[in-house]
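Novice: Sharing a structure with you now.
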């Protein structure tokens, strides 16, 4: 019957009356939250200073066992400090006259760990170092992978050169403008009158000069004979 009565009463509430409740319980809840957060500032700051002073920083040169011990010790100090601070705050009477709600720490441990381990704190850095070491044990060190990648060399096939006539030319002769000699034709007329009557063409004999001839010498000698 009480559940049905609450359902019936809640159906008559509007959005604004539900959010901005003016009941005594609603006012007490707001006042308790303000008082609890105000009284918790100084103890929380003191706890953080205590942790930062006595808990060593994250060092990758330390052993995994030492880092694990520091992580465990820091978690114990933090959660024990939260419980002690909560007891100190709840010892002071509330201004509203209503008691604080019971603190169930197990409901916020997971959210607290997600927040602490995701930011760059001492605890988060130490956990990241341990996670990286576990990854190296599973996948191998990153330096060995880098050396293996750098050790692989791609062997490209060498281009094959097909020999040509330019390979047999003397480089000094090409620079001086000297080219291989051209064949010289000489015509010898033989047979006399009989040969001319039969109409046989004259026999041409080709003679190759013994040495290379310069290009200007060949051209100059040919045209010089006509002028």
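The values are calculated or read from the model by the stated rules, or taken from the named source; none is laboratory data. Bear in mind the structure is a predicted one, so any value in this text is a computation, not a measurement. Neighbour counts are summed over all protein chains in view; Cβ atoms, including those assigned to glycine, are modelled from backbone coordinates with ideal geometry.
Novice: Going by the structure shown, is residue 116 at pLDDT below 90 and in a helix (DSSP H, G or I)? Don't jump to the end; show me each part of the working.
Specialist: Working: at pLDDT below 90: yes; in a helix (DSSP H, G or I): yes.
Here the answer is yes, as residue 116 does meet what is asked.
Novice: Working only within the stretch 86-104, note down all residues that are touching a helix residue (DSSP H, G or I) at 6+ places or on another chain (Cβ under 7 Å) and outside any loop (DSSP other than H, G, I, E, B).
Specialist: Of everything in the stretch 86-104, those that are touching a helix residue (DSSP H, G or I) at 6+ places or on another chain (Cβ under 7 Å) and outside any loop (DSSP other than H, G, I, E, B) turn out to be 88, 89.
Novice: Also, I was wondering about something else. Counting just the residues of the stretch 62-100 that are in contact (Cβ under 8 Å) with a residue 60 or more places away in the chain and exposed (fewer than 12 other Cβ atoms within 10 Å of the Cβ), which one comes out farthest from residue 51 (Cα to Cα)?
Specialist: Let us first name the residues in the stretch 62-100 that are in contact (Cβ under 8 Å) with a residue 60 or more places away in the chain, namely 64, 67-68, 94-98, 100.
Those still in the list that are exposed (fewer than 12 other Cβ atoms within 10 Å of the Cβ) too: 95, 97.
On the way: 95: 32, 97: 34 Å.
So the residue we want is 97.
Novice: Scan the stretch 119-135 residue by residue and report those that are surrounded by 11 or more Cβ atoms within 10 Å (Cβ to Cβ) and assigned to a loop (DSSP other than H, G, I, E, B).
Specialist: 121
Novice: Now a separate question. Any residue at all in the stretch 65-81 that's out of contact with any helix residue (DSSP H, G or I) (no Cβ under 9 Å at 6 or more places or on another chain), assigned to a loop (DSSP other than H, G, I, E, B) and at pLDDT 90 or above? Quick ask: steps written out before the conclusion?
Specialist: Taking the stretch 65-81 as the starting set, the residues that turn out to be out of contact with any helix residue (DSSP H, G or I) (no Cβ under 9 Å at 6 or more places or on another chain) are 65-66, 69, 72-73, 76, 80.
Keeping just the survivors that are assigned to a loop (DSSP other than H, G, I, E, B) gives none.
No, the stretch 65-81 contains no residue that is out of contact with any helix residue (DSSP H, G or I) (no Cβ under 9 Å at 6 or more places or on another chain), assigned to a loop (DSSP other than H, G, I, E, B) and at pLDDT 90 or above.
Novice: Mind listing whichever residues of the stretch 9-42 are surrounded by 13 or more Cβ atoms within 10 Å (Cβ to Cβ) and touching a residue at least 40 places away in the same chain (Cβ under 8 Å)?
Specialist: If the condition is that a residue be surrounded by 13 or more Cβ atoms within 10 Å (Cβ to Cβ) and touching a residue at least 40 places away in the same chain (Cβ under 8 Å), then 27, 28, 29, 31, 32, 35, 36, 39, 40 are the ones that fit.
Novice: Moving on. So in the stretch 47-61, with the set limited to residues that are loosely packed, with under 12 Cβ neighbours inside 10 Å and free of Cβ contacts under 8 Å to residues at least 24 places away in the same chain, which one is nearest to the chain's Cα centre (by Cα)? Spell out the reasoning first.
Specialist: As a first pass, look at the stretch 47-61 and keep what is loosely packed, with under 12 Cβ neighbours inside 10 Å: 49, 52-54, 57, 60-61.
Narrowing the set further to residues that are free of Cβ contacts under 8 Å to residues at least 24 places away in the same chain leaves 49, 53-54, 61.
On the way: 49: 37, 53: 36, 54: 37, 61: 25 Å.
Result: 61.
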